[in-house]
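Okay, structure first, notes after.
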Amino acid sequence: MLTALILGILLSVLGSWAAYSWEQERVEAAFSRATTVITESVEDCFVHQIDNVRAVASLYDAFPDRIGENEFRNFVEPLVTRCEALVAIDWAPAVTGRERAAFEARVARERPDYAIVEYDGAGQLVRAGEREVHFPILYAEPSQVPGYAMGFDLASRPRERETIEHVRRTGRMSFVLHEPAHDARSPTLEALLYPVYPRGRTSSGTGGGEPVGLVVGISRLSSIVDEALQHAGNPPLGLEVLEVLPDGNRQRIYARPSESTEAPAWVSAFLLTPAIAPIETQLVAADHALVLRFAPDPGAYGVRSGWPSLGIIVAGLLFTGLLAVYLDRARRNTERIAELARRLSEQDMRKNEFLAVLGHELRNPIAPIGNAVQVLRARRTPTPATVEWAEGVIERQVAQLARLVDDLLDVARITRGDIALRDEHVDLREIVQRAVETQRPLIDARRHALRERLPPDPVPVRGDRARLIQVVGNLIDNAAKYTPEGGRIDIDVTSEGGEATVAVRDSGIGIPPELLPHVFDLFNAAPDRNRHATGGGLGIGLGLARRLIEMHGGRIEARSAGEGAGSQFTVRLPVSSLPAAAEPDAPPSKGSRGSRRVLVVEDNADVAMTFAVLLETMGHQVTVANDGATALDAARSFSPEIAFIDIGLPGMDGYELARRLRRRGAPAPYLVAVTGYGQARDRERAAMAGFDRHFVKPVDVAALDEVFAAAPEQTGSPPVTRA
């Protein structure tokens with residue numbers, strides 16, 4: 001009996017000790033995980049604030065002379081609202097002592113009470129003393145922040161002054177603490193100072209010369225810590241924040257004690273409660289080192305063991321495990337949200353960059369067109385050479401605008417899956433030759449040496465002839481643009497192992513390794529330093545090429561040894577088992593059959609009249625209507641043989657007008673839709689409404705000749721009228 005009792009006691013002690021040891025390790029690990037989560041959250045909060053301050057600085061870098069108070073507040077207010085710990089963001093321009101009077105007078109015209117001020121020993125605002133350079137707060141959102149009044153000179157306080165000197169010397173963002181002695185109720189504030197330079201920053205992130213001002217991000221340190229603790233689930237621990245001084249010493253700048261009390265000594269002894277050592281972590285916020293010292297809450301992290309509390313230990317283990325699972329899931333969700341936010345931010349940035357590039361590329365052809373018009377207008381009787389020059393300029397630039405619009409429409413169609421490929425068997429050699437013909441003007445203009453190496457036998461592939469010519473043409477265009485004048489372009493066509501390839505090599509500027517994986521991304525143009533030298537572009541040609549080749553069941557790849565080493569783009573397509581069909585010849589023109597009666601229906605007066613003048617120049621009788629009702633009246637009085645109708649008319653649209661013209665008793669004219677909408681469903685809808693042809697603006701003369709050749713003649717010659 002005694003032996004059994006002793007054995008039972010020994011087993012209980014051993015079991016309790018084993019449970020105690022295991023529980024101790026678990027609790028220490030839980031405490032370590034909590035400190036890690038809090039440290040990462042504090043660091044993320046600092047990074048968020050730093051990004052906000054840098055965003056405002058980027059605004060000044062981009063528009064240094066165009067940022068007023070309203071623009072500043074509109075830009076900053078959302079940033080402050082989204083970050084709870086962020087108290088305000090201020091703008092403090094650099095004002096030298098000599099500029100001070102003029103600066104104060106200029107600002108006082110809009111804000112009469114404005115002056116460069118500082119705090120005296122009693123915490124009252126007084127006029128700031130003379131200094132070599134002042135940094136007064138000019139804009140602030142919100143405007144009321146304790147210790148940072150409007151007009152307050154940041155250089156008037158010693159700590160800020162030291163930090164400003166550090167910022168001016170290094171050009172990097174720095175961190176400074178402010179503990180307002182004049183108001184004990186004011187919380188400890190930390191400020192991020194970031195310099196703005198007159199010509200922006202270099203590639204290394206620093207600026208040249210003296211800064212023109214400082215962007216100041218002001219936060220409450222307590223809010224940062226509380227937000228981090230809340231993010232971690234408010235774990236039971238005490239936290240101190242220590243500042244690492246330049247001499248290596250530490251200074252406590254914030255303390256948050258544990259909310260619970262330590263258990264009595266006799267309870268800790270009875271429950272075998274061990275001591276858990278504090279943990280220190282270090283982080284860097286804007287070139288400033290901080291240390292977080294975590295002290296465990298003895299009441300919460302104490303280990304209860306022994307057979308009297310074994311049930312409590314088991315329950316505690318279950319609870320702690322569930323808490324750990326919850327915290328782990330919360331961490332993973334936070335990481336996923338952060339990744340989604342990063343992707344959205346990147347997409348937004350690329351969208352803004354693309355819109356800027358689109359504006360530039362649209363202005364490029366518009367400028368020479370306007371210049372040509374001004375030249376013709378300035379010379380009341382221009383010479384034939386001047387007219388020929390202006391015609392060439394306008395024709396080339398209109399074609400460039402049409403190509404830009406076509407590329408954008410192709411991107412939209414591919415994104416929605418609206419492109420339908422025409423399935424035929426074609427010779428890859430012929431595709432390359434046709435693509436070279438389309439790019440020959442650019443190649444000759446840049447004086448490139450072009451070498452084509454084509455096999456003697458046909459290379460049959462299956463696909464859409466026009467789209468394959470577009471793909472190869474985009475690759476040749478890319479090589480011609482990104483190769484300096486007088487360069488070399490090689491095109492090789494091969495067929496091996498059931499696969500046909502087209503390789504386009506150039507001796508151009510090459511592709512940096514970090515950009516090579518992204519060359520086929522949509523809206524990814526050349527680096528900014530090369531855009532103007534190479535002729536620009538929307539950055540969608542290679543992206544379109546990849547998507548079209550993938551729709552053909554092939555693939556495309558890019559290679560480059562780096563900048564200055566040229567590049568090679570290779571298209572790979574499955575070889576067709578059937579021979580390539582010859583390209584169909586264009587049908588012979590039947591001529592325009594003399595003068596025809598033509599009705600032009602277009603609500604844009606300039607478009608309508610210029611189109612009418614073009615048709616009259618071709619020898620046709622033309623009347624113009626600007627809406628559907630007027631067009632019906634003109635059809636009754638003029639009896640047109642052919643009607644060119646815009647779809648987007650006011651009131652009655654082009655579809656309804658076509659249906660009414662078809663329902664008239666008199667013979668209906670040959671109906672041609674002329675519109676900016678060119679998708680497949682637009683053509684189908686036009687055909688259902690009764691249109692004979694469908695053209696996308698602008699319509700070239702060759703297409704007009706086809707219309708006049710195809711339209712049946714009608715008898716009668718009513719008088720010409722202008723509706």
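Bear in mind these aren't lab numbers, they're just calculated from the coordinates by the rules spelled out. Note that the structure is a prediction, hence the values are computed from the model and not measured. FYI the Cβ positions are ideal-geometry reconstructions off the backbone, even for glycines, and counts take in every protein chain you see.
Taking the mean number of other Cβ atoms within 10 Å as a proxy for protection, how do you rank 676-688, 92-104 from highest to lowest?
My ranking of the peptides, most packed first, is 92-104, 676-688.
When T630, T170 are ordered from fewest to most other Cβ atoms inside 10 Å of their Cβ, what list results?
Ranked by crowding around the Cβ, least crowded first: T170, T630.
By counting other Cβ atoms within 10 Å of each Cβ, how are F63, F569 ranked from fewest to most?
With the sparsest Cβ surroundings first, the list reads F63, F569.
Please give the peptides 134-142, 226-234 ranked by average Cβ packing (other Cβ atoms within 10 Å per residue), highest first, as a rough proxy for protection.
Most protected by this proxy first, the peptides run 134-142, 226-234.
Let me check I've understood the local charge: for A341, count other residues with C-beta under 14 angstrom from its C-beta, Lys and Arg +1, Asp and Glu -1. What total comes out?
-2
Can you put T675, T163 in order, fewest other beta carbons within 10 Å first?
So the ranking, lowest neighbour count to highest, is T675, T163.
Considering Cα pairs under 8 angstrom that are at least six residues apart, work out the relative contact order of the range 71-128 and quote it in whole percent.
Rounded, it is 15 percent for the range 71-128.
For every other residue with a beta carbon closer than 15 angstrom to the beta carbon of S41, add +1 if it is Lys or Arg and -1 if Asp or Glu, then tell me the sum.
Overall, the nearby charge balance is -4.
With a sphere of radius 15 Å drawn around the Cβ of E110, what net charge do the other residues whose Cβ falls strictly inside it have (Lys, Arg +1; Asp, Glu -1)?
0
Any idea what the relative contact order of the range 597-710 is, in percent, if you count C-alpha pairs under 8 Å spaced at least 6 apart?
It rounds to 22 percent for the range 597-710.
Filter the GluC sites (Glu not before Pro) in the range 21-91 to those in DSSP coil with at most 14 other Cβ atoms within 10 Å of their Cβ, and list the result.
none
When every alpha-carbon pair in the range 46-221 is counted, what percent end up more than 25 Å apart?
Every Cα pair in the range 46-221 considered, those over 25 Å come to 27 percent.
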